[in-house]
Amino acid sequence: MSDHEKDRTDNLEFFESAILDPALKAQAFFDFDIGETDSTVSDFGAIEAAHWAWLGVRIGYLERMDTQELISSSKGIFKAWSNLQNRQIISPEDRWANVIQPRKSGQLALNKELFSPSLKIGSKTRVLLQNAFQTLLLLTAENILDDDSRYFLDSIGWTGNEEWRARSEGLGLPRRGSVQQIGSGLANVLNYWEEMDSASRSVEHADLNFAYIPEQKRDISVSFSESLAPSAAVSNFTQNARAILSPRFNLGKVEIVDRYFVLAGEFVARAREEGPAWLDARRRVFETLELLILYAGGGTNMRGPRRRLWQLFSKGIASLSENDKRSVENYLETLSEESLEEEPPEDLSQP
Amino acid sequence: MRVPKYIPGYGKSYALLSSAPGADTAVIFVHGFGGKPTSTWRNFQGLVDEYSTEYPWWATSDMFFYAYESLHTPIRRNAELLGDFVQTVWHDGWRATNRRDDNQNYKDLILAGHSEGGVVIRRLILDRYEAVKLAVETANPTVDAEAMKAALKSALDSDFLLASYLRLFAPACMGTNFSSWIGFLSSFSLFVSAITASSLVRNELLPESPVLDKLKLGTEQAHAEFREIRSLYTQPLFGVPDQVVYSESYQGEKLLWDRGYDHFGVCKPDYTHKKPLEFVCK
């Protein structure tokens, strides 16, 4: 076996132990059909594993045939796909879902056409991407695949308001989980977004030979890039990584984004101190959270009045005036393509 | 490129092994309060090889990123658990079927810690010192003071752990500023972790904590008695500004500064911040 082949065998072994096995174990654990104890996030995790494998093949980190074989033999991925489709969370037409495809017989199969390496990447860029890819896998393994993160994400992203309140405020007697897991899971998820965004920026910066680039906001939309242009290899890579991780958070829904701002605001309130330092720190947390949600979920969900998000963050849902509540309802009802145009930033100093 | 290998029995701890023949140094990275191996030390993993011309010792160093529960487990217990991990690494006990080809032991050990990780490392060192001392005293109950000191010196000198190099980034050895949360808000995820952590562990890291006091006193006394034991003395590196821990260290220890990097950035190298790569050395 050549060094190159051995490396890729080692890479696949690492991918399996870091991502695939934990994702499949979680999927199998929750895969019993008794309603409230299922885990949407575990199903997402299994399909994400197939996506990470795809991205690994694309940049030459993983060997194509062995990887396809490994993913094809991972039944939990196909079960997860069926679960999400049955719950109408994904559909075969979605780009995110089409890593798996139903055959004419109805049986599910890996979409092997996607699994082609991008041969035009230069060797220096390839090394850069493979290093970055390995880091993204490590960050995913240590932040997102544990029980606390899973419970938190299932709760904040995939339950109704009443259930979310029960879980986050310790009301009622949820069948599993704890309020402490909500806090711990939130910490993990925030750390994950921070680190994934920062690692992505780091590789983008290196690709530009460290030329000065102003810190830019991420694109409003989160989507895969199919481009094979060698000059765009790095930006395609970071864009694809973002597209892979995004759906599990369900940040396309305004009410889920709201929950993050309310929860973050409740935590920040515990650090309250009199004086300008705390007021400035609170505002920085708010702005950081905006950027992280933009990274993980895109921006279409944050297009409402920014003042409203600030109010949710600084004072909680109960603080919204009747007028504000009505304006939110109106906003949600009238959400249309026209209303998605960028709004000028608002002055946050007068919440 | 180094490929991570998880270390069985130690959760998410993993190794990045050198591809050079005869790696002679083990570097163990210990994250801090609410930290994680990759999130805390990100970019060491890839940059050590990229910059091995400038920092050649990395080429022959195996790297071990230790994962542990830092929010609810007492310092003393974490020091024991770290000791177990260090033994496993040093004696190559984790590779059942894939032992080092050259069949050689490491010559040197570097313990790199961040924040609470620095406290856990120093506690491990003091525990080891006290254990060796007790063993020698028990084995030689009747010898005079001079002979005892010679026996002790011999035992302490031959201990691999006591001979390790400590490289501590913003260690929390003199306490953490939990009385004000504002510094923590610069990393909101850590702030949330700190809020959900056990108050017992938070209290252990307060400046007036008996756990930190005993550690300081014990280490300073041991260093005064055996100045040649390498691991009893270090020069910690602090970011400026650091609003999370007190930028102070033990008696006689010089402080190093990394201007422009806060508590969380000080241990993260990148293409424009190579100081961490340079700092973790023999």
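Taken together, the values in this text are just the output of simple stated rules run on the coordinates, not laboratory data. Just so it is clear, the structure is predicted and the values come from calculations on it, not from any experiment. Cβ: placed from backbone, ideal geometry, glycine included. Neighbour counts: every protein chain shown.
Among A:Glu195, B:Glu220, a tally of other beta-carbon atoms within 10 Å of each Cβ gives an order, fewest to most, of B:Glu220, A:Glu195.
The residue among A:Ser225, B:Met1, A:Ala46 whose Cα reaches farthest toward the positive pole of the charge dipole of the protein assembly as shown, with charges on the beta-carbon of Lys, Arg, Asp and Glu, is B:Met1. Distance between the C-alpha centres of segment B:159-186 and segment B:38-87: 14 Å, rounded to the whole angstrom.
Here's the list of lysines a cross-link from B:Lys149 could span, going by alpha-carbon distance under 20 Å and ignoring same-chain residues fewer than 8 apart: B:Lys133.
Report, as a whole number in µm² per second, the diffusion coefficient that Stokes-Einstein gives for segment B:1-146 at 37 °C and 0.692 mPa s using the Kirkwood radius over alpha carbon pairs.
On the way: Rh = 16.5 Å.
Reported coefficient: 199 µm²/s.
Bridgeable lysines around B:Lys268 (alpha carbons under 18 Å apart, same-chain partners fewer than 8 residues away excluded): B:Lys36. Across all directions, the average flat footprint of the convex hull enclosing the Cα atoms of chain B is 15.2 nm². Each Lys and Arg Cβ is given +1 and each Asp and Glu Cβ -1; about its Cα centre, the protein assembly as shown then shows a dipole of about 320 debye.
Students often get this wrong, so check it: of B:Lys214/B:Lys254; B:Lys214/B:Lys274; B:Lys153/B:Lys275; A:Lys25/A:Lys120, which have C-alpha atoms separated by over 31 Å?
Values: B:Lys214/B:Lys254 21 Å; B:Lys214/B:Lys274 34 Å; B:Lys153/B:Lys275 34 Å; A:Lys25/A:Lys120 36 Å.
Beyond 31 Å: B:Lys214/B:Lys274; B:Lys153/B:Lys275; A:Lys25/A:Lys120.
What percent do you get for the relative contact order of chain B when only Cα pairs under 8 Å and 6+ apart count? Show your work: numbers first, answer last.
Numbers: 509 pairs, mean separation 57.2, N = 282.
Once divided by the residue count of chain B, the mean separation gives 20 percent.
If both residues of a DSSP beta bridge must be in the protein assembly as shown, then about 30% of such bridges are antiparallel. Think of each Lys and Arg Cβ as +1 and each Asp and Glu Cβ as -1; about the Cα centre, that makes the dipole of segment A:1-132 roughly 560 debye.
Could you tell me the ratio Rg/Rh of the protein assembly as shown? Both radii from Cα atoms, Rh via Kirkwood.
On the way: Rg = 25.7 Å, Rh = 26.2 Å.
Ratio of gyration radius to Kirkwood radius: 0.98.
Tell me, A:Arg95, A:Arg64 in order of fewest to most beta-carbon neighbours within 10 Å?
On the way: A:Arg95 11, A:Arg64 18.
Ordered from fewest to most neighbouring Cβ atoms within 10 Å, A:Arg95, A:Arg64 come out as A:Arg95, A:Arg64.
Provide, for q = 0.14, 0.31 Å⁻¹, the log10 of I(q)/I(0) from a solvent-free Debye sum over equal Cα point scatterers in segment A:134-185. With no solvent term, the Cα-only Debye profile gives -0.37, -1.18. Only DSSP H runs of four or more residues enter the estimate; each adds -39500 (n - 2.57), and after division by the residues of chain B the mean residue ellipticity at 222 nm equals -11000 deg cm²/dmol.
When the P(r) of segment B:172-282 is calculated, the portion above 21 Å amounts to 46% of the C-alpha pairs. Distance from the Cα centroid of segment A:145-160 to that of segment B:245-282 is 36 Å (rounded to whole angstrom). Ordered by the count of other Cβ atoms within 10 Å of each Cβ, fewest first, B:Cys267, B:Cys281, B:Cys173 give B:Cys281, B:Cys173, B:Cys267.
The distance linking segment B:104-135 with segment A:247-293 is 39 Å (Cα centroid to Cα centroid, whole angstrom).
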